[in-house]
Every structure is written in structure tokens, then in C-alpha cells.
1. So, Ala153, is that one within 19 Å of Leu249 (Cβ to Cβ), assigned to a loop (DSSP other than H, G, I, E, B) and in contact with a Ser or Thr (Cβ under 9 Å, 6 or more places away or on another chain) or not?
2. Let me confirm something: among Ser226, Ser219, which residue is in a loop (DSSP other than H, G, I, E, B) and out of contact with any helix residue (DSSP H, G or I) (no Cβ under 6 Å at 6 or more places or on another chain)?
3. When you go through Leu165, Leu150 one by one, which is the residue that is at pLDDT 95 or above, in contact with a strand residue (DSSP E or B) (Cβ under 7 Å, 6 or more places away or on another chain) and either in the same structural domain as Pro58 (by TED's automatic domain parsing) or among the hydrophobic types (A, V, I, L, M, F, W, C) (or both)?
4. Exactly one of (1) under 11 Å from the mean Cα position of the chain (by Cα); (2) in a loop (DSSP other than H, G, I, E, B); (3) modelled with pLDDT of 90 or more is unmet by Ser174. Its number?
5. Yes or no: region 55-68 includes at least one residue that is surrounded by fewer than 12 Cβ atoms within 10 Å (Cβ to Cβ) and hydroxyl-bearing (Ser, Thr, Tyr).
6. Counting just the residues of region 124-142 that are part of a strand (DSSP E or B) and acidic (Asp, Glu), which one comes out nearest to Glu239 (Cα to Cα)?
7. Among what's in region 178-196 and is under 42 Å from the mean Cα position of the chain (by Cα) and not in a loop (DSSP other than H, G, I, E, B), pick the residue that is nearest to Leu223 (Cα to Cα).
8. With the requirement that a residue be over 27 Å from Leu76 (Cβ atoms) and at pLDDT 70 or above, what does region 13-39 give you?
Amino acid sequence: MNLNPDQLTNYANTFLNVLIDYSPKLISAFIILFAGLYIIRLINRFIRTLMVRRNLDPTLTRFLADILLWVLRVILFVSFISKLGIETSSFVAILGAMGLAVGLSLQGSLSNFAGGMLIILFKPFRVNDIIEAQGVTGTVSEIQIFVTKLINANNQTIFVPNGSLSNGNIINYSLQKIRRADLTIAISYDTDIKKVKDIITAVLKNNPKVLQTPAADVSVKNLTDSSIQLAVRPWATNEDFWGVYADTLENCKHAFDSAGIVVQPFVKESSKNNNKTTDPLL
């Protein structure tokens, strides 16, 4: 199509007129955009500083600040396109539909997200606490929004989803400063119970890591067909717990050997109806 000079002039004039008429909206829209970005940055910085001063959890501080940042950016973008004269009702409807679709497809992730928020807010455990939950035990290395990272005794990293973690039972071994060990020692029926209890009590008193308050307890736990089971319950700090656990067993064995007391081995009980078995392993 050939355009003559008059048509080009008319198109140019029309474009200039539209540009002149639309330029106030365009200029004001970009002023709102740049001013809004600057104000959002100031608000985000102020909120982060305020939460740090209130000693909020660093993970929660970072997450809430990021959420606020993106919410303000979405509001600013809607205001920007609205100032340009673009209809925003359909745009908001599209955003709502997209949010619903994403929410339905990420139900598990949203559950973990909600669990992470509950853990961060109510703090059933903190970083460096030793916990037992969901069948695993370890030291809390990091509390993330969707998962909690544990380091077990074998130096293996375990990621536990926050959804199941927040809805299940949690044993926090670090919440209290002291901890009781529960040990079982079996002796034969021919052994003098009082003598054995005195020996164990002396072993516990000679261990400086065993706390005197609360006092350790040594008592009869159970009478089985093959042995008398004694419950030995010393108290120790969290740092000394496993040392006290191992030292008590080892020192009691040495003391029993010196006194001529034989520890009764645990015997696996079996039914008389199983006497006909021919399996040598049973």
C-alpha cells in the first residue's frame, strides 16, 4: 500500500495528539511506579529492623519481610496499570483463579508451610535442640519454611516435613537442663538384692557427673521367670547424659566382678508349644 505525504502527516498528527492527551496518565503512572518502589524498599527495611529489635526468629523475620515485599509490589503493579487506564477487574480475577489453582495443586506444600509457621511462632524447639519426632532423633540444624533439617548421631542429614512435624508428637530433650537415664540390670534369684543395690548406689555416688539432686533411684523393676530386674535411674545434665549412661553400666559391671556377683543375661521367653520346632535358630 502506497502512502502519500498527506496521509503520513495525518497519521503523525494523530499519534502526536494521542501522545499529548495520554502523556499525563503515562507520566503520573511512572511517577507512581518509581516512587512506590522506593517507598516499598523503605518500608521493607523498616519492618526488618523492627522485627530484629523485637528479637523475632531470623527465619520468620526473613519470610514475613519477603511476603510483605511481594504483596506491596503486587498492589503497586495493579495501581500502575490502573493509572494507565487498563481495566483491572479482569486482571484481579485472573490472579485469583491462578492463586486457587496453585493452592489446589500444592496442598501438601501449603500444609508444610502452615506447619513451618506454627513451629516458628510457638517454638516447640529451637536450633541446636535435640528432638525426637516422626521416628527420627537428631539435633535441629535449621528450621526452614517447609522442612526442618536434623543431624543425627551418625552425622546424617534428615529433612522432616513441617506439616507432619507440627501435627505429631515431639520429644524435646534439650528443653529441660537435666535428664534421667533409665537402665535395667538383671540379677539371679540367688543374689542378695540389698547388696547389689548398695553396690550400684556406691557406683553412682562415686561418679561426679551423676547429680545428687534429684537423687538417683535404684529399685526392683520386675520379677521374671529367669531374673530379678533392677531399675537404675541416675540424673545428669544434658551434656553429660550419654557419658553417665555408659559409665554407669561399665562401672557397675566392674563392681559386680569385684564382689563376685554375676549379672543375669536376659533370656528370651518361649512358649512350651514351640518345643516341636526343628529350627536351630529358634
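The values are calculated or read from the model by the stated rules, or taken from the named source; none is laboratory data. Just so we're clear, the structure is a prediction, and the values are computed from it rather than from any experiment. Cβ sites come from the backbone with ideal geometry, for glycine too, and all protein chains shown count toward neighbours.
1. Considered against the rule, which asks whether it is within 19 Å of Leu249 (Cβ to Cβ), assigned to a loop (DSSP other than H, G, I, E, B) and in contact with a Ser or Thr (Cβ under 9 Å, 6 or more places away or on another chain), Ala153 comes out as yes.
2. The match here is Ser226.
3. Matching residue, one of Leu165, Leu150: Leu150.
4. For Ser174, the failing item is (1).
5. The answer is no, given that none of the residues of region 55-68 is surrounded by fewer than 12 Cβ atoms within 10 Å (Cβ to Cβ) and hydroxyl-bearing (Ser, Thr, Tyr).
6. It comes out as Glu132.
7. Taking region 178-196 as the starting set, the residues that turn out to be under 42 Å from the mean Cα position of the chain (by Cα) are 178-186.
Cutting the leftovers down to not in a loop (DSSP other than H, G, I, E, B) gives us 178-180, 183-186.
Working: Ile178: 30, Arg179: 27, Arg180: 23, Leu183: 16, Thr184: 12, Ile185: 12, Ala186: 9 Å.
Filtering region 178-196 for residues that are under 42 Å from the mean Cα position of the chain (by Cα) and not in a loop (DSSP other than H, G, I, E, B), the one nearest to Leu223 (Cα to Cα) comes out as Ala186.
8. Correct list: Thr14 only.
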